[in-house]
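Structure first, commentary second.
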Amino acid sequence: MRPIEAHEVQWTAVRAQGAGGQNVNKVSSAVHLRFAVHASRLPEAVRQRLLASGDGRITQEGVVVIKAQQHRTQEHNLRDALQRLNALVASVAHAPVLRRATRPTKGSQRRRLESKSRHGAIKALRGRPCAD
């Protein structure tokens with residue numbers, strides 16, 4: 001699947017939080033990235049898995065909101081936000097393999113019962129000694 005590019009998302013520059021001296025008070029270097037899942041060109045199955053993932057960055061309306069403020073420049077923060085969005089989409093891109101129930105083999109059943117009897121014998125030795 002191809003990565004999501006900058007022209008497919010909406011982003012706004014905002015002031016970053018936290019300490020940073022004079023620069024942080026003057027420059028809007030943090031980025032709020034918004035990606036509308038319903039309006040995207042993602043395959044339907046990926047869209048459904050993304051919306052059902054329960055990620056806290058996805059709103060009730062189906063918009064992914066990512067805030068990036070790690071770096072000092074807007075370009076770096078935008079690149080970081082896009083990478084995080086692509087990682088989120090890639091995590092749901094592949095359908096999980098459904099587990100099919102199988103019957104245990106004769107050997108595994110035999111080993112399980114032998115292990116249980118061994119463990120029971122060890123526990124039986126923990127009792128009070130007989131007066132014989």
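A short reminder: the numbers here are calculations on the coordinates, not readings from a lab. This is a predicted model, so every value here is computed, not measured. Don't worry about glycine lacking a Cβ; one is built from the backbone with ideal geometry, like all the others, and counts go over all protein chains shown.
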key: Which numbered condition L51 fails, given (1) of a type outside the set (K, R); (2) surrounded by fewer than 17 Cβ atoms within 10 Å (Cβ to Cβ); (3) part of a loop (DSSP other than H, G, I, E, B); (4) under 18 Å from the mean Cα position of the chain (by Cα)   = (3)
request  = Starting from residues that are free of Cβ contacts under 8 Å to residues at least 40 places away in the same chain and part of a loop (DSSP other than H, G, I, E, B), keep the ones in segment 29-44 and report whichever is surrounded by the fewest Cβ atoms within 10 Å (Cβ to Cβ).
outcome  = R41
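This table checks each residue for (1) over 30 Å from V14 (Cα atoms); (2) assigned to a loop (DSSP other than H, G, I, E, B).
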| position | (1), (2) |
| --- | --- |
| Q60 | no, yes |
| H71 | no, yes |
| H119 | yes, no |
| R126 | yes, yes |
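Against the definition (polar (S, T, N, Q) and surrounded by 10 or more Cβ atoms within 10 Å (Cβ to Cβ)), how does Q70 come out, yes or no? Give the derivation first.
Values: polar (S, T, N, Q): yes; surrounded by 10 or more Cβ atoms within 10 Å (Cβ to Cβ): yes.
Yes; evaluated as a whole, the condition is true for this residue.
Please indicate, with yes or no, whether at least one residue in segment 95-113 is surrounded by 12 or more Cβ atoms within 10 Å (Cβ to Cβ) and of a type in the set (V, I, T).
Quick first cut of segment 95-113, residues surrounded by 12 or more Cβ atoms within 10 Å (Cβ to Cβ) only: 111.
In the following step, the residues that additionally are of a type in the set (V, I, T) were identified as none.
Taking every residue of segment 95-113 in turn, none turns out to be surrounded by 12 or more Cβ atoms within 10 Å (Cβ to Cβ) and of a type in the set (V, I, T).
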query = Does any residue in segment 62-78 that is at positive phi come within less than 9 Å, Cβ to Cβ, of a residue that is assigned to a helix (DSSP H, G or I) six or more places away or on a different chain, and which pairs are these?
reply = G62/R47; G62/L50; G62/L51
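Yes or no: segment 97-117 includes at least one residue that is within 21 Å of the chain's Cα centre (by Cα) and not hydrophobic (A, V, I, L, M, F, W, C). Talk me through it step by step, then tell me what you get.
Residues of segment 97-117 within 21 Å of the chain's Cα centre (by Cα): 97-99.
Next, from what is left, pick out any that are not hydrophobic (A, V, I, L, M, F, W, C): 99.
Yes, segment 97-117 has at least one match.
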query = G54: out of contact with any Asp or Glu (no Cβ under 9 Å at 6 or more places or on another chain), free of Cβ contacts under 8 Å to residues at least 12 places away in the same chain and closer than 20 Å to A90 by Cα, yes or no?
reply = yes
